[in-house]
Amino acid sequence: MRKQDTTRFFAIPEHEVRRIHFLDEEGTPTGCDAKVSEVIVELTRTTKRFCCQCGRVFKRYYDVQERLVRDLPWGPWSKVYLLVPRFRVACPDCGVTAEPLEWIPRRYRHTRRFVEAVALACREVRCIDAIAQAFGVSWDTVKAIDKAALEAELNPPDLGRVRHLALDEFSIKRRHTYGTIFLDLERNRVLWVCSTREKKAVIDVFRNVFGKEVCEGIEAVSMDWWRAYEEAVKECLPNAVVVWDLFHVVKKYNLEVIDRVRLDEARRCQSDDDRKAMKKTKFLLLKNRSNLRGEEPAKLKTLLAANRRLLVVYVLRDALKELWQYRYPRCAHKWFQGWYHRAIRSRIEPLKRFARVLKERLHGILAHCRHRIHTGTLEGINNKVKVIKRIAYGYRDQDYFFLKIRAHFTGIHPH
């Protein structure tokens, strides 16, 4: 290949290729047809203009040193280095300083295009080890490049036009640490990730990250029944209403009512046949009717026919879901009163307790008539977060983990 063609191929501004060195595994020069371990492309300067960091241009330089910079793979050779002359200038204002080069990021020994290629590869759901092996660099190098790129792109977060928000927890360490995800429901983008689900931490995010103006513009927040979230929202979001999510309410009903009644009824069984009939029925009762398969519908029908208390709590759970279908608060409130009286007259203590708690929080359910929002998208995000964490075998750097979550859910940006 001619010298001009090689220079054009590498496309390094204000530099041209002087010569190319091919080295074997021992660092000995060899031919390009032999087994090549590294390629060193020696560059030379084509202009006599030298710039300072402040932008001043000089015709003379102070001194020069050669520097090896890692570049993208070239054909069959994965390890390609550029031998670059780095000039220093004596600036009257800045002193002796190295000349900045746009194609070499500051504090990097890699070209900008190499850094951008590594950062782009990290956007895929892949472990860092695999990316490091593909580019022939260390794990720490890939992580540092990716984290710097994410911080430059995502911080500070774009908080413009946030009206509907969703809060939900996710597991950082199973049964030990839980974080909080703040989701913009209109654009399906993760705005921020908090390292805990405590009230003080959520308030700090609202005050220090969102700010007063953004908080005042939020109209509704969808969440579960976690008390810390509710108190933080009421304290920091003056114009927002709390909307209780159907998924979490039904989940709480399944745990505190259906499963509790099932266990109580299993203890009351007198015969072995009755106990056997109650075994392995937990998930049968918790499933939606539309998800029953095979012999499950017949088995559920037999179970409910044989136990009145289970029948009552099962039917009232399906009826409770209808409350989220209403569009007008008055109609929804009237319907709930009928459901509430049936629950209280059932003489089933777990159901009565749940009905009283639900009545105290009825305002959050009625708010759904006006703000048709839910945390369903967040549940899907939580599943994706588990995949990200599992592929990486966990993250030692929590800030980096949170940046990865935000990078995978940047949402829909309006034109």
- Over all viewing directions the Cα convex hull of the chain casts an average projected area in nm² of 31.2 nm²
- Gap in Å between the Cα centre of the range 42-117 and the Cα centre of the range 219-237? 52 Å
- Item | Helix 259-268 axis, angle to the chain major axis (alpha carbon atoms, nearest 10°) | 50 degrees
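Hey, what D do you get for the range 3-104 in µm²/s if you plug the Kirkwood alpha-carbon radius into Stokes-Einstein at 25 °C and 0.890 mPa s? Walk me through the numbers on the way to the answer.
Details: Rh = 15.0 Å.
After rounding, the answer is 164 µm²/s.
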- Message: What are the ³J(HN,Hα) couplings of the range 285-300, residue after residue, when phi is run through the Karplus curve with 6.51, -1.76, 1.60 and θ = phi - 60°? Round to Hz, x for glycine and proline.
- Response: 6, 7, 5, 6, 4, 5, 9, 6, 10, x, 8, 5, x, 5, 5, 5
- Interchain or sequence-distant (5+) residues whose placed amide H lies within less than 5 Å of the amide H of H110 are R70
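In what sequence do W244, W103 fall when counting other Cβ within 10 Å, fewest first?
Lowest count first: W103, W244.
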- Message: Give me the one-decimal nm value for the distance between modelled label points at H363 and E349, 7 Å along each residue's Cα-to-Cβ direction.
- Response: 3.1 nm
- Note on the structure: Calc'd 3J(HN,Hα), the range 130-145, phi into Karplus 6.51 cos²θ - 1.76 cosθ + 1.60 (θ = phi - 60°), Hz, glycine/Pro = x, comes to 5, 5, 4, 5, 5, 9, x, 10, 7, 4, 5, 5, 4, 5, 5, 5
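For R327 and R163, FRET efficiency with R0 = 25 Å and r from the beta-carbon atoms, rounded to 0.05?
Using R0 = 25 Å, I get an efficiency of 0.80.
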- Would you kindly derive the ³J(HN,Hα) couplings of the range 181-189 from the backbone phi angles with the Karplus curve 6.51 cos²θ - 1.76 cosθ + 1.60 (θ = phi - 60°), listing them in order in whole Hz, with x for Gly and Pro? 9, 9, 10, 7, 6, 6, 10, 6, 10
- Query: When the distances between all Cα atoms of the range 246-369 are binned every 5 Å from zero, what whole-number percent does each bin get?
  - Reply: 2, 10, 21, 22, 18, 13, 8, 4, 2, 0
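What does the charge count around T196 come to, taking other residues whose C-beta lies under 11 Å from its C-beta (Lys +1, Arg +1, Asp -1, Glu -1)?
0
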- Note on the structure: Subtracting the Cα-Cα distance of K252 and A130 from 0.36 nm times their residue separation yields 39.8 nm
- Item | Under 17 Å from the E198 label point (7 Å along Cα→beta-carbon), backbone N, the range 235-273 | none
- Report the local net charge at L120: Lys and Arg +1, Asp and Glu -1, summed over other residues whose C-beta lies under 13 Å from its C-beta. 0
- Message: What is the angle, in °, between the Cα long axis of helix 349-360 and the longest principal axis of the Cα atoms in the chain? Nearest 10 is fine, range 0 to 90.
- Response: 60 degrees
- Given only helices, namely DSSP H runs of n ≥ 4 each adding -39500 (n - 2.57), what is the per-residue ellipticity at 222 nm of the chain, to the nearest 500 deg cm²/dmol? -13000 deg cm²/dmol
- Relative to the present Cα-Cα distance, how much length would full extension add between K299 and E186 at 0.36 nm per residue of separation? 36.5 nm
- Which net charge results when you count Lys and Arg as +1 and Asp and Glu as -1 among the other residues whose beta-carbon is under 15 Å from that of F135? +1
- Query: What's the FRET efficiency of Q398 with K234 using the Cβ-Cβ distance as r and R₀ = 25 Å, to the nearest 0.05?
  - Reply: 0.35
- Note on the structure: Given backbone amide H placed at 1.01 Å from N, residues whose amide H is under 5 Å from that of L191, ignoring those fewer than 5 places away on the same chain, are F182, L183, D184
- Neighbour-count ranking [beta-carbon atoms within 10 angstrom, fewest first] of S290, S138, S78: S290, S138, S78
- Message: Quick test of your reading: applying the under-4.7 Å Cβ rule, which cysteines of the chain are isolated?
- Response: C32, C51, C54, C122, C127, C194, C215, C236, C269, C331, C369
- To the nearest 10 degrees, how steeply does helix 376-391 sit against the main Cα axis of the chain, on a 0 to 90 scale? 50 degrees
- Could you calculate the contour length gain from A148 to T177, that is, 0.36 nm times the residue separation minus the distance between their Cα atoms, to one decimal place in nm? 7.9 nm
- Item | Choice from R370, R107, R262 showing the highest fluctuation, given a GNM over the chain with Cα pairs closer than 10 Å | R107
- Query: With r defined as the distance between the Cβ atoms of A266 and N291 and R0 fixed at 25 Å, what FRET efficiency is calculated, to the nearest 0.05?
  - Reply: 0.60
- Would you grab the residues whose amide H sits under 5 Å from the one on W74? Only those 5+ places off in sequence or on another chain, please, with H modelled 1.01 Å from N. none
- For the chain, whose charge dipole is built from +1 on Lys and Arg Cβ atoms and -1 on Asp and Glu Cβ atoms, the candidate among A134, N383, W77 with its Cα farthest towards the positive end is N383
- When V80, V36 are arranged by how many other beta-carbons sit within 10 Å of their Cβ, fewest first, they go V36, V80
- Message: Please list, by residue number, every one of the GluC sites (Glu not before Pro) in the range 35-113 that is coil in DSSP and has at most 14 other beta-carbon atoms within 10 Å.
- Response: E102
- Antiparallel content of DSSP bridges confined to the chain, in %, to 5: 75 percent
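Computed from the coordinates by the stated procedures, all read-outs in this text should not be read as laboratory data. Everything quoted here is computed from the prediction, not taken from an experiment. Every residue, glycine among them, receives a Cβ derived from its backbone with ideal geometry; neighbour counts consider all protein chains shown.
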